[in-house]
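Since the structure comes first, as structure tokens, the remarks are kept for the end.
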């Protein structure tokens, strides 16, 4: 991987794309959790590829390539959300995006709940912790927040999700 | 929470995903052209030269007491300047005990313990001929590992982490050097105690753990315990249009700690819940931080930051003490220890200088 990063830093776009391809699914899902629709999430992926290739010479340590990409993805996603603030979605597209093959759903928390109940900070921290498996220390670096706050946001997000579950159980 | 991961995996991946990545790269390539790449090729060897020079310039000071424990703890691989200074000054109680963890085939060498009335440092290394220790951590900060003290009467109490401590992995020797930082054990001075490290944290594509206990027994010698001096200050200054108050300064043989309150340290979200946020001062402090994979944090030379100046001598930040728990709206800034406390100045960037005398 180090060699590929070096090649990419020397301007080799094929090396860069090979590296990027390894993480593009993660970047897409991270973006989707923020922007909640396919079109914007794809825009984010394109923007991340654009910015990352343009700035790859600033990446000092190839080991941090994935974290570096995710940090760019978070920034780009927030930009898209800010631009879209005035737009009102009558029907959230993610209802259609979530697979219908839900046979195995004795699941307590659904993707829909995750997207609907949590604010953007909470969604990204839940993503980084439970999907990417990052430590609190790494997440604090990624989202540029104090570690204590990252923990607070995550616990609050989980409390919200648990509360939703309890309420759903009650009405069943 | 693995179900959360499964839920996120339900986000369908559109077919044109990689094509969009290609489009982004194409656009960047078009804008970037060839000139920058040539420039970068010239810059990389220059940077490598600087690295070699600074490595050769590093000469640890020798002292007889050091021979008693692993020199790694005084080396550039350990990112705690306070610990290194304390060791160079001969503080700490040498332990030199070895424990063999048969089940995991790991040999643990306990080296040294230092405590004052605020924290304890436990220095040890562990190695193995059969197990790859690269992902093995004794992480009492956020991992599964825990630290306990057992007293003569059989009482067992957990000791909480302070900061995240220091760790270095030597791939050639498959050996980990760890300086754990946790609650003070000063109250046990003169007593026979046992410290127990419980469970190994595995950081490898997420977190895992291995159940074990690594014990070390000794009598805590009071002569190695250092004292802490607290000076109330309440001194105000302004940085980038924000107001900060240095509430107090704590001096010890392990660190110099500044307790600071500021006008931009609290973030309130849309639900009205308040969180600590990184202030402009903290970002300035972190600006001089350099991340060294496998060895934690050091000062990035030449970069603007926040430093102490003790009669002309620069005192570096202790970045391994980042994220020390503090009350909401307070930032704890930790530096290496200072000997001359009479003429200490806090320097923020190039222009702001605040004397830390009353």
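The values are calculated or read from the model by the stated rules, or taken from the named source; none is laboratory data. In this text, all values refer to a predicted model and were calculated from it rather than measured experimentally. For neighbour counting, all protein chains shown are included, and Cβ atoms are generated from backbone atoms with ideal geometry for every residue, glycine included.
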Every residue in segment B:262-278 that is assigned to a strand (DSSP E or B) and within 7 Å of chain A (Cβ to nearest Cβ), please. B:275, B:276
If we keep just the residues of segment A:17-32 that are within 13 Å of the chain's Cα centre (by Cα) and more than 7 Å from chain B (Cβ to nearest Cβ), which is farthest from residue A:112 (Cα to Cα)? A:23
Any chance segment B:107-121 includes a residue that's at positive phi, free of Cβ contacts under 8 Å to residues at least 60 places away in the same chain and either in contact with a helix residue (DSSP H, G or I) (Cβ under 8 Å, 6 or more places away or on another chain) or loosely packed, with under 15 Cβ neighbours inside 10 Å (or both)? no
Can you name every residue in segment B:165-191 that is assigned to a loop (DSSP other than H, G, I, E, B) and buried (at least 17 other Cβ atoms within 10 Å of the Cβ)? B:165, B:174, B:185
Can you tell me which residue within segment B:59-112, out of those that are over 29 Å from residue B:257 (Cβ atoms) and part of a helix (DSSP H, G or I), is modelled with the highest pLDDT? B:67
From the list B:320, B:304, B:342, exactly one residue is outside any strand (DSSP E or B), over 15 Å from the mean Cα position of the chain (by Cα), closer than 23 Å to residue B:118 by Cβ and not assigned by TED's automatic domain parsing to the domain that holds residue B:82. Which is it? B:342
When you look at residue B:288, is it within 14 Å of chain A (Cβ to nearest Cβ) and in contact (Cβ under 8 Å) with a residue 12 or more places away in the chain, yes or no? no
Report, by residue number, each residue of segment B:234-246 that is crowded, with 17+ Cβ neighbours inside 10 Å and under 30 Å from residue B:115 (Cα atoms). B:235, B:246
Assess whether residue A:153 counts as being within 30 Å of residue B:332 (Cα to Cα), touching a helix residue (DSSP H, G or I) at 6+ places or on another chain (Cβ under 6 Å) and modelled with pLDDT of 80 or more. yes
Residue B:281 vs (1) surrounded by fewer than 17 Cβ atoms within 10 Å (Cβ to Cβ); (2) assigned to a helix (DSSP H, G or I): all pass except (1)
